[in-house]
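No value in this document is a laboratory result; all are computed from the given coordinates. Treat the numbers as computed from the prediction; the structure is a model and nothing was measured. When we count neighbours, we look across all protein chains shown, and the Cβ atoms used for this are built from the backbone with ideal geometry, even at glycine.
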Amino acid sequence: MDDLQVELTLANTKPAAVHCLDPLRDGRWSQFVSTHPDASVFHSTAWLTALRNTYGYDPFVYTTCGPEQELRNGIVVCRVESWLTGRRLVSLPFSDHCEPLVDNTHQMQLLISSLEKELRRENWTYLEVRSLKPLQVLTTLDHSTVEYTFHQIELGANLDTIFRSFHKGSIQRKIRRAEREVLTYQEGSSK
């Protein structure tokens, strides 16, 4: 994907360039994701490659960093076309969440505004950002918020502590039943 540059001017700010990069070809993306505190497996090139190979979704990243600069921010999205849900930009399809990797509201506003321009220019139906935190941005797009529950288990504790943290009626009972029925799990790659 060629480097795309968009000039944006927000109230009381100087114009800022926003660039578009291919995270599967630009080695800066992997380096950036490996060090950013909000990055997850869904930002990784392995996950992005799986989306491309499995569903044909080509990811791209909007950033305020130019082609010769070290990456300091970015929002990764895919163009998704479906007869059921229409043409849309999603960050990211088949991902529980995909946090915009930005450090301040100014960067967030610039990147979301650029994606909004892309949406209008290409006549896409909507933009979907799956963030764990509320997005504080101004937009002219109609918008809605869908809340969901994110479940996370700290695996650093011992097994007894983790087991006791589960719901007694639904999770602990099912684990005990699996133990009584001697349920086993086996992994392999042979036929």
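Gain on full extension, evaluated as 0.36 nm per residue between TYR185 and PHE163 minus their Cα-Cα distance, stands at 6.1 nm.
The ranking of CYS65, CYS98 from fewest to most other beta carbons within 10 Å of each one's beta carbon is CYS65, CYS98. For region 29-111, GluC sites (Glu not before Pro) meeting the loop criterion (DSSP other than H, G, I, E, B) and having at most 10 other Cβ atoms within 10 Å: GLU68, GLU70. A full extension of the chain between ALA17 and ASP38 corresponds to an added length of 5.2 nm, given 0.36 nm per residue minus the alpha carbon distance. Amide H contacts of ASP38 (H built 1.01 Å from N, in plane; Pro and chain starts excluded): no residue 5 or more places away or on another chain comes under 5 Å. Going from the residue with the fewest nearby Cβ atoms within 10 Å to the one with the most, HIS106, HIS19 rank HIS106, HIS19. Computed from the Cα positions only, the extents of region 4-129 along the three principal axes stand at 42, 33, 23 Å, in decreasing order.
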